[in-house]
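Quick one: the structure is below, and I'll ask about it shortly.
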């Protein structure tokens with residue numbers, strides 16, 4: 001086997017025992033999860049914003065950003081629930097590039113998975129303890145989810161992972177909302193099948209255990225656009241796309257029909273400034289059709305302190321994405337207030 005087994009890492013149970021969540025933080029997280037659950041079940045009409053950096057790269061800048069979100073949410077909390085993105089592991093199309101804090105807690109140093117596990121747990125814990133936010137992360141590696149399973153309020157399954165059986169089955173055992181993105185090729189039936197799988201009960205092998213899940217009724221769709229066979233990006237956030245998804249949901253028999261629309265990625269063609277216009281168009285579609293509004297539960301927005309993105313370097317700009325370009329803070333703050341005004 002062409003693989004070097006470098007060292008045995010602690011199991012999640014041991015990491016959780018070493019870095020436990022306080023009782024106060026447990027209550028704060030439960031409150032946030034309950035609020036999200038009420039939106040996805042249709043009991044609440046509040047709008048969800050899953051918002052933050054493309055990837056978490058350094059604790060100080062990420063926490064600075066989240067503190068800012070905390071202040072803004074206080075002014076819009078009657079209409080909006082904010083879920084900060086703390087994405088600690090990133091898929092890479094070719095396997096090259098920054099793979100997130102899980103791999104490199106310091107982007108300028110060599111990978112260290114043990115330090116990474118501790119760093120991402122401490123970051124999520126700090127966000128809950130200091131702001132009361134329950135945050136979102138992407139489930140890139142299903143077997144690693146247990147390291148954060150007591151800390152997250154929301155999980156996304158990415159466009160490259162949504163066809164994978166282990167991701168689908170693992171999601172069926174979560175008790176928090178899980179968003180399933182449409183695949184990079186855009187086939188909506190793949191996404192719907194993943195939601196069906198996540199909402200169902202399964203018996204399978206997970207972390208060396210035979211486990212049985214009971215299904216996750218909070219599993220839902222994320223529309224993120226798609227790429228055609230020529231590598232060209234196409235959006236799927238327009239009114240026609242949203243209404244088509246509504247009709248697909250109505251014919252599916254799935255529980256809690258819901259979609260979160262990703263305003264970046266292929267929907268924007270990675271033109272991050274387009275996220276403002278896209279968000280407003282989606283809200284217009286919601287105002288135009290009560291059917292569309294009934295399934296559109298929120299938006300996913302890539303945002304950080306500074307506009308754009310940068311290469312990793314020792315003199316990197318504080319609060320500027322080292323992966324995909326993000327909307328800067330001033331534009332983000334303005335957009336949140338504009339969204340609140342029209343809801």
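So what is the diffusion coefficient of region 226-274 in µm² per second by Stokes-Einstein at 20 °C and 1.002 mPa s, using a Kirkwood Rh over Cα pairs?
Estimated via Stokes-Einstein, D reaches 176 µm²/s.
Rg and Dmax of region 1-127, using alpha carbons, in Å: what are they?
17.2, 56
Hey, another quick one. What base-10 log of the normalised intensity I(q)/I(0) is obtained for region 1-64 from the Debye formula, alpha carbons as equal point scatterers, at q = 0.28 Å⁻¹?
For region 1-64, the Cα-only Debye profile gives -1.08.
At 4 °C and a viscosity of 1.567 mPa s, what translational diffusion coefficient does Stokes-Einstein give for region 138-259, taking Rh as the Kirkwood radius over Cα pairs? Give it in µm²/s as a whole number.
The diffusion coefficient I find is 88 µm²/s.
Between residue 190 and residue 334, what is the FRET efficiency for a Förster distance of 51 Å, r being their Cβ-Cβ separation, to the nearest 0.05?
0.90
If you average the sequence gap of Cα pairs under 8 Å that are 6 or more apart and divide by the length of region 14-98, what percent do you get for the contact order?
32 percent
While we're here: Only bridges with both residues in region 12-342 count here: give the DSSP antiparallel percent, nearest 5.
Antiparallel: roughly 20 percent of the beta bridges in region 12-342.
Please compute the alpha carbon radius of gyration of region 188-234, then divide it by the globular-protein estimate 2.2 N^0.38 Å. Two decimals is fine.
Working it through for region 188-234, the quotient is 1.59.
Working out 0.36 nm times the residue gap between residue 43 and residue 77, then minus their Cα-Cα distance, what length gain in nm do you get to one decimal?
Extra length available between residue 43 and residue 77 comes to 10.6 nm.
Rounded to the nearest whole Å³, what is the per residue volume of the convex hull around the Cα atoms of region 109-176?
For region 109-176, the hull spanned by Cα atoms encloses 103 Å³ per residue.
Also: Could you tell me the extents of region 242-306's C-alpha atoms along the three principal axes, largest first, rounded to whole Å?
42, 22, 19
Right, here's the next one. At 7 Å along Cα-to-Cβ for each site, give me the label-to-label distance between residue 314 and residue 288 in nm.
With each label placed 7 Å out from Cα toward Cβ, I get 5.4 nm.
Okay, which of region 169-188 sit inside 20 Å, backbone N to the point 7 Å along the Cα-Cβ direction of residue 228?
182-188
Given R₀ = 51 Å, what would the calculated FRET efficiency be for residue 205 paired with residue 341, taking r from the Cβ atoms and rounding to 0.05?
Once rounded, the FRET efficiency stands at 0.55.
How much length is gained if the chain between residue 143 and residue 92 is pulled fully straight, taking 0.36 nm per residue apart and subtracting their Cα-Cα distance, in nm to one decimal?
Extra length available between residue 143 and residue 92 comes to 16.5 nm.
Something else now. Which residue, 122, 166, 109, has the most motion in a Gaussian network model of the chain that connects Cα atoms within less than 10 Å?
109
Quote the Stokes-Einstein diffusion coefficient, in whole µm² s⁻¹, for the chain, based on the Kirkwood radius over alpha carbon pairs, a temperature of 4 °C and a viscosity of 1.567 mPa s.
Stokes-Einstein gives a translational diffusion coefficient of 64 µm²/s.
Suppose only helical runs count, i.e. DSSP H with n ≥ 4. What mean residue ellipticity at 222 nm does that imply for the chain under -39500 (n - 2.57) per run, divided by all residues and rounded to the nearest 500 deg cm²/dmol?
Rounded to the nearest 500, it is -12000 deg cm²/dmol.
By how many nm would the segment from residue 27 to residue 7 lengthen if fully extended, with 0.36 nm per residue of separation less the alpha-carbon distance?
3.7 nm
Using Cα pairs under 8 angstrom and six or more residues apart, how large is the relative contact order of the chain, in percent?
16 percent
None of the figures in this text is laboratory data; all of them are computed from the coordinates on show. Everything numeric here is computed off the predicted structure, so don't read it as measured data. FYI the Cβ positions are ideal-geometry reconstructions off the backbone, even for glycines, and counts take in every protein chain you see.
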